[in-house]
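Remarks on the structure that follows.
The values are calculated or read from the model by the stated rules, or taken from the named source; none is laboratory data. None of the values given here were measured: they were computed from a predicted structure. As a convention, Cβ positions derive from the backbone with ideal geometry for all residues, glycine included, and neighbour counts pool all protein chains shown. What goes into the accessible areas is simple: the full protein's heavy atoms, side chains included, and nothing from ligands, DNA or RNA. Shrake-Rupley method; radii C 1.70, N 1.55, O 1.52, S 1.80 Å.
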Amino acid sequence: MSDYRLPIIAIATANGRGAISVVRISGPRLGPFIMALVKRPLIDRHAHYLPIFGTDGAAIDQVIAIYFQAPHSFTGEDVLEIQCHGGQAVVRQIVQHCLLIGQAFNLQLARPGEFTERAFLNNKIDLIQAEAVSDLIDASSESAAPEEEIDFLEKYQARTKLNLIDEQLASILSRCKQGLVLRDGLHVVLAGAPNAGKSSLLNTLAGDDVSIVTDIAGTTRDKITHLIQLDGIPITITDTAGLRDTHDQIESIGIERTWQAIEKADVVLHLVDALHPERLLDAEIDKRRSRSSTVLTVINKLDLVDSVDTGLHELAISVKTGQGVDGLKSQLLKLAGWQPSQETPWMARQRHIDALLKAAAHVAIATEHAALDDRVLDLFAEELRLAHEALGSITGKVTADDLLGEIFSHFCIGK
């Protein structure tokens, strides 16, 4: 990107022979440069017929010079337009002479589209209007020229492209989430009333006697954590003290730690004794859990009853016989977000996933705007800018300047 504090110059008319050529100069505070070039001040927005003399004192050409004082110009800066005869030799001599005089003012040749870019940066036009300038220049037919009739969303196939972007983001998110699961796994907390089978389930899932199991209520007084692998996915399972009212000080401390574990869990397995199916803890567990977590009710001791009615987010198992345990494992993998596929997961961090989700949300809003019409182009463009910014935050390399550079690099010099 250029230093926008410096003045720029370019030939604004097309190459080739013509009656008139235009040289455009833009920059902050052009007054001293104008005095050095034409030896007199110019009145704002007036045409002045005068000669431009070379360093040898000979006149290069008789020109019409028009001075547009900031901010009342195309770029929002001071602008000088010099209209000279159309011969290529004449216009090049004027540009070279201006550059020679302009050395004292750091005058430099403009990049393609830099005049329009400065107009955008100085809030004289928006991006859609800036691109319309390029389209108007490139228009190959009369019907393409009137800017009022251009349906930008239709022309650039915005709706189709947004749908494709949305699908690509969904695919990338899926693979990133798989990578996050592989790296971080899932934190599962076993919770419920005493003697619901929490410790027995931990031992079954771990394939070892990790936790002490007795028929005495309140045997587990502190949380016990064990790491297991399900299809290669790390699952951290925490057995906790049974939830009940108690006057035992030590058990009370264990129960408070249970609630703390529930608050931090990714998944809460709420174990319910099939012989005592009262659901007295449902409301409190739902109140204390993290809003991002999932509660899965597991009705245990299926072997001791004739039948069990299960609803949404409920499973019936028998830890003793193993009935339903494989289904529970499959459900844990599903809750972890694991989806076996041939695509290689990406080892993303949570920051990456958050950025992708943010970008996807902005794309969704932009899609809603695109379903309307060109009256919401500003809102549409802003949502795309925010989506672009979110994606750029992943690498830290993509900036608004990159976007502007891509847009204005397609302009011709002098525009």
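Below, the figures for the structure above:
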read-out: Reciprocal mean inverse distance between Cα atoms of the stretch 1-128 - Kirkwood radius, Å; value: 14.8
read-out: Principal axis dimensions, the stretch 61-121 - Cα atoms, whole angstrom, descending; value: 33, 22, 22
read-out: Spatial extent of the stretch 31-71: Rg and Dmax, with the Cα atoms as the point set, Å; value: 10.7, 35
read-out: Local electrostatic count at Gln331 - Lys and Arg +1, Asp and Glu -1, tallied over other residues with Cβ under 15 Å; value: -2
read-out: Paramagnetic label zone (point 7 Å from Cα along Cα-to-C-beta, Asp306; backbone N under 19 Å) in the stretch 251-290; value: 274-278
read-out: Of every Cα-Cα pair in the stretch 198-331, the percent that sits beyond 18 Å; value: 56
read-out: Residues Gln157 and Ala361, FRET efficiency given R0 of 25 Å [Cβ-Cβ distance, rounded to 0.05]; value: 0.70
read-out: Average accessible area per residue (Å²) across the stretch 15-101 - probe 1.4 Å, nucleic acids and ligands excluded; value: 52
read-out: Virtual spin-label span in nm between Gln260 and Leu379, 7 Å along Cα→Cβ; value: 4.8
